[in-house]
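What follows is calculated from the coordinates using simple rules that are stated; it is not laboratory data. Because the structure is a prediction, the values reported are computed rather than measured. FYI the Cβ positions are ideal-geometry reconstructions off the backbone, even for glycines, and counts take in every protein chain you see.
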Amino acid sequence: MAKRRKRFLQTKDVPAANLSFDEAVHMFLDELKIRNRSKRTIEWHRENFHAVRKVFREQKVQLSIPLATSTVKKHLVLYCKEQLNQQPRTINMRLGSLKMLHSYLVKEGYLDVNPLADIDSLKLPKNIPVSLTDEQIERLLRVPDRKTFTGLRDFTIMLLLLETGIRVSELANIKLKDINLKDGYIKIFGKGAKERNVPIQSKFKKVLSEYLLHRGDLDTDALFVTVDNTPLKVRSIQERIEIIAEKAGITEIRTSPHIWRHTFARKYIVNGGDVFSLKQILGHSGWQMVHHYVNLFSSDVFKKHQQFSPVQNLRLPSV
């Protein structure tokens, strides 16, 4: 009896066997647009597919649909790890996009099964998030000349990152209509277009009000703008903070917006904040990262407890 093989479903106009890799990718990205996925998510997948094409081209290996498990393990995972010395997180990103592409083809009826479903992601090293010290924060905040528009803007950006712990992509997307100074919050649109209100306090509201006054009325609704009155992009924000760190002479630690996010989380916990409100403010859908922060900064909590322990500061009666 002839050996049975997994066959492609013929329910679509074009069988998977006739689909090129680029055609499949194009269809998948269009599907993400239909699902109203964020531009950042779509671009993330596009970059991953571009990287996969480059890796296969370097090895003169043809990209086809479906990709065999052995092909992906050998020519993507092992090659990127051993020949290109790429980090596990980077390899997992490429692998994740390929898995989602094949899952989409299964769902649409182009494939019977996802041949990449059983490929495990590479184990990630447990990196301890670093955060800024008070002294480093003060040095950074002293750099911008607040008498100039760009200086006041950069000062406000850093203070907003420290006040809220929001992601740099979320910061870049803030519109004037999202700000509620009266009630003290900013409406943030996070991953998956999820909306949350992040509180801001009086000291930061004063700085933000000053910036808004100098910003003035413009054609764009973007909160943070360039000197040419165009919306400030994510990369520009990252570059501005890098320049400020260089001027502050801070080379012992990265000062990226994500480090400011870690710094907010640490200070929030150390100052007595609870995990429930921290999760809401940071916009995490699960508890894993929040508990990770708590565990990482537990030594700071111990120091705080030593300082404010009710029993330690109580005069006990003598025996």
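Excluding Lys187 itself, calculate the net charge of residues whose Cβ lies under 14 Å from the Cβ of Lys187, where each Lys or Arg counts +1 and each Asp or Glu counts -1. Walk me through the intermediate numbers first.
Working: positive: Lys175, Lys177, Lys182, Lys194, Arg196; negative: Glu170, Asp178, Asp183, Glu195, Asp221.
Computed value for this residue: 0.
The alpha carbon centroids of the range 75-119 and the range 34-57 are separated by 12 Å. For the range 16-107, taking Cα atoms only, Rg and Dmax work out to 12.9, 38 Å respectively. With distances taken between every two different alpha-carbon atoms, the range 134-307 has a Kirkwood hydrodynamic radius of 16.9 Å. Taken as Cα centroids, the range 260-283 and the range 122-188 sit 14 Å apart, rounded to the nearest whole angstrom.
With all projection directions averaged, the alpha carbon convex hull of the range 81-203 covers 12.9 nm².
Based on the mean of other beta carbon atoms within 10 Å per residue, what is the order of 46-57, 78-89, most packed first?
Details: 46-57: 16.3, 78-89: 13.8.
Ranked from most to least packed, the peptides come out as 46-57, 78-89.
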